[in-house]
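The values are calculated or read from the model by the stated rules, or taken from the named source; none is laboratory data. Being a predicted model, the structure only gives us computed values, none of them experimental. With ideal geometry, Cβ positions are generated from the backbone for all residues, glycine too; neighbour counts draw on all protein chains shown. Protein only, heavy atoms only, side chains kept; ligands, DNA and RNA dropped before computing areas. Shrake-Rupley method; radii C 1.70, N 1.55, O 1.52, S 1.80 Å.
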Amino acid sequence: YVVKTDSLGTMQWQRNYGGYYGDYCYSVLKTPDSGFLLGGVNSGNYWIIKIDSTGNQLWNQTFNYGQNDVCYSICQAADGSLLLAGTVETSPGCPTACGGIVNSRMPGCTLAPLCDN
């Protein structure tokens, strides 16, 4: 669930993304095209969503490396690639710090993991 407000806190729009269980947004990044990238978790997987300036979803992508993978932070490089940082749980109850680089300029992108597993 995302709400966009103006500088006075007046709601401009609101949108729901994902389902009803285990979907959380932990990071929001404004993009050069006035859209936004949302980073978080979708049913235990790293999850990024690209939305336009009015909240319409342009694409979304999940990445699965373990049982409970969570993207806590997202940033974008000058070349358009993304750096995702969070945790992956390769064994129950044992999360490991992890990050990855994503070429986000097209849907169907893949994550090049930077994990030390």
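Quickly run through region 17-26 and pick out the residues that are in a loop (DSSP other than H, G, I, E, B) and free of Cβ contacts under 8 Å to residues at least 40 places away in the same chain.
Taking region 17-26 and keeping what is in a loop (DSSP other than H, G, I, E, B), we get 17-22.
Scanning region 17-26 gives G18, G19, Y20, Y21, G22.
Being of a type in the set (A, V, I, L, M), in contact (Cβ under 8 Å) with a residue 40 or more places away in the chain and surrounded by fewer than 17 Cβ atoms within 10 Å (Cβ to Cβ) narrows it down to one of L29, L8, so name that one. Can you show your working first?
On the way: L8 fails: in contact (Cβ under 8 Å) with a residue 40 or more places away in the chain.
Just a single option satisfies the conditions, and that option is L29.
State which residue is modelled with the lowest pLDDT when the search covers only region 73-117 and only residues that are surrounded by fewer than 19 Cβ atoms within 10 Å (Cβ to Cβ) and touching a Lys or Arg at 6+ places or on another chain (Cβ under 9 Å).
P107
Among the candidates V2, V70, single out the residue that is under 24 Å from T87 (Cα atoms) and either at pLDDT 90 or above or aromatic (F, W, Y) (or both). Steps first, please.
Values: V70 fails: either at pLDDT 90 or above or aromatic (F, W, Y) (or both).
When all the criteria are applied, what remains is V2.
Please go through region 1-16 and pick out each residue that is part of a loop (DSSP other than H, G, I, E, B) and more than 17 Å from the chain's Cα centre (by Cα). Even if it seems obvious, please write down each step before you answer.
Here is the first cut: in region 1-16, the residues part of a loop (DSSP other than H, G, I, E, B) are 1, 6-10, 16.
Within region 1-16, D6, S7, L8, G9, T10 meet the criteria.
State which residue pairs qualify: first residue among the basic types (K, R) and inside region 35-54, second residue part of a strand (DSSP E or B) and open to solvent by 10 Å² or more (accessible area, probe 1.4 Å) in any location, beta carbons under 7 Å apart, and separation of 6 or more residues or different chains.
K50/L58; K50/W59
Considering each residue of region 38-65, count those that are within 16 Å of Y1 (Cβ to Cβ) and either within 10 Å of the chain's Cα centre (by Cα) or crowded, with 20+ Cβ neighbours inside 10 Å (or both), and give that number.
9
With the structure loaded, tell me whether G35 is open to solvent by 30 Å² or more (accessible area, probe 1.4 Å) and in contact with a strand residue (DSSP E or B) (Cβ under 9 Å, 6 or more places away or on another chain) or whether it fails that test. Spell out the reasoning first.
On the way: open to solvent by 30 Å² or more (accessible area, probe 1.4 Å): no; in contact with a strand residue (DSSP E or B) (Cβ under 9 Å, 6 or more places away or on another chain): yes.
No; evaluated as a whole, the condition is false for this residue.
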